[in-house]
Amino acid sequence: MKQCFIAAICMAMLGATSCQKADVEPEDTAILHEKLHGKYKLLSASSSEAVDSNNDGLFSTDLLAEEAYLANADVEIRILNAQQQYTGGIMGHLFVQWWQRPYVNPYSTSADNTKAGYVMQAAPEKFTFDATTQTFHFTPREIPDPDWPAPVSVTVTANEELVVVSKLPVYSSTIGVHFVTVTAHYKRYTIVT
């Protein structure tokens, strides 16, 4: 009888500790879907160093002022139910950050006429939430892509905006295409994905 009681206590303790996982439980999916699912418009983007992306000779950390193409950049968050999340043995929702990737014309003959062309590019990332549902935890990719890494961090603010910190490629007239740390703010504009 004593062994059954100890076994019952151990099982209860295991159950209690398993409920304290860092990830959000599937039954919270409907609430998370209502709160975060959808597409987010870029409000601002600042870089860790000043760049001259538009070849006007002025350097700025305000990437929206430097790269007109970024007006179309956005983020898509898909909050998936338990059946949708489980693919390839990995649980997670989907996060997609669309960004204008710069490409320099290799046939430019001088620095004066070197300009970058842009292509909208993104890679979906699987993620889970921490217990507060304010911080995303990205699932490592099976094959990492050094040219398009997952965001460094994503947090949800009190007014349900996103703050996304990423290492992203930008063009600058003096350096060319290189990676900088970009802090971008997004606001949801539709729940349709």
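Some notes on this structure:
- Pairs where the first residue, in the stretch 144-164, is farther than 23 Å from VAL177 by Cβ and the second is in a loop (DSSP other than H, G, I, E, B) and not aromatic (Phe, Trp, Tyr), C-beta under 8 Å, 6+ apart: THR155/GLN134; VAL156/THR133; VAL156/GLN134; VAL163/THR157
- All conditions in (1) touching a strand residue (DSSP E or B) at 6+ places or on another chain (Cβ under 6 Å); (2) within 20 Å of SER46 (Cβ to Cβ) hold for TYR189, with the sole exception of (2).
- VAL177 being open to solvent by 40 Å² or more (accessible area, probe 1.4 Å), closer than 15 Å to SER46 by Cβ and either at pLDDT below 90 or β-branched (Val, Ile, Thr) (or both): no
- Checking each residue in the stretch 147-163 for being at pLDDT 90 or above and under 12 Å from ALA122 (Cβ atoms) picks out ALA150, PRO151.
- Conditions (1) out of contact with any strand residue (DSSP E or B) (no Cβ under 7 Å at 6 or more places or on another chain); (2) open to solvent by 60 Å² or more (accessible area, probe 1.4 Å); (3) under 27 Å from TYR189 (Cβ atoms); (4) modelled with pLDDT of 85 or more; number of the one not met by GLN84: (4)
- Test for TRP98: is it open to solvent by less than 40 Å² (accessible area, probe 1.4 Å) and in contact with a strand residue (DSSP E or B) (Cβ under 9 Å, 6 or more places away or on another chain): no
- Sub-8 Å Cβ pairs linking a first residue in the stretch 34-55 that is over 12 Å from ASN72 (Cα atoms) to a second residue that is small (Gly, Ala, Ser) and open to solvent by 50 Å² or more (accessible area, probe 1.4 Å), at least 6 apart or interchain, are ASN54/ALA68, ordered by first then second residue.
- Residue, farthest from SER166 (Cα to Cα), within the stretch 37-54, restricted to residues that are among the hydroxyl-bearing types (Ser, Thr, Tyr) and more than 13 Å from the chain's Cα centre (by Cα): SER53
- Filter result for VAL182 (in a strand (DSSP E or B) and touching a residue at least 40 places away in the same chain (Cβ under 8 Å)): yes
- Options VAL164, VAL182, VAL154: the member that is in contact with a helix residue (DSSP H, G or I) (Cβ under 7 Å, 6 or more places away or on another chain) and either open to solvent by less than 30 Å² (accessible area, probe 1.4 Å) or of a type outside the set (A, V, I, L, M) (or both): VAL182
- Subset of the stretch 123-132 [under 29 Å from TYR171 (Cβ atoms), in a loop (DSSP other than H, G, I, E, B) and either in contact with a Gly (Cβ under 8 Å, 6 or more places away or on another chain) or open to solvent by 30 Å² or more (accessible area, probe 1.4 Å) (or both)]: PRO124
- Tabulated pairs, the stretch 58-71, first assigned to a strand (DSSP E or B), second small (Gly, Ala, Ser), C-beta under 8 angstrom, 6+ apart or interchain: SER60/ALA50; THR61/SER46; THR61/SER47; THR61/SER48; THR61/ALA50; ASP62/SER44; ASP62/ALA45; ASP62/SER46
The values are calculated or read from the model by the stated rules, or taken from the named source; none is laboratory data. Remember, it's a predicted structure, so these values are computed and weren't measured experimentally. Positions of Cβ are generated from backbone atoms using ideal geometry, with glycine treated the same way; all protein chains shown enter the neighbour counts. Remember, those area values only see protein heavy atoms, side chains included, never the ligands or the DNA or RNA. Shrake-Rupley method; radii C 1.70, N 1.55, O 1.52, S 1.80 Å.
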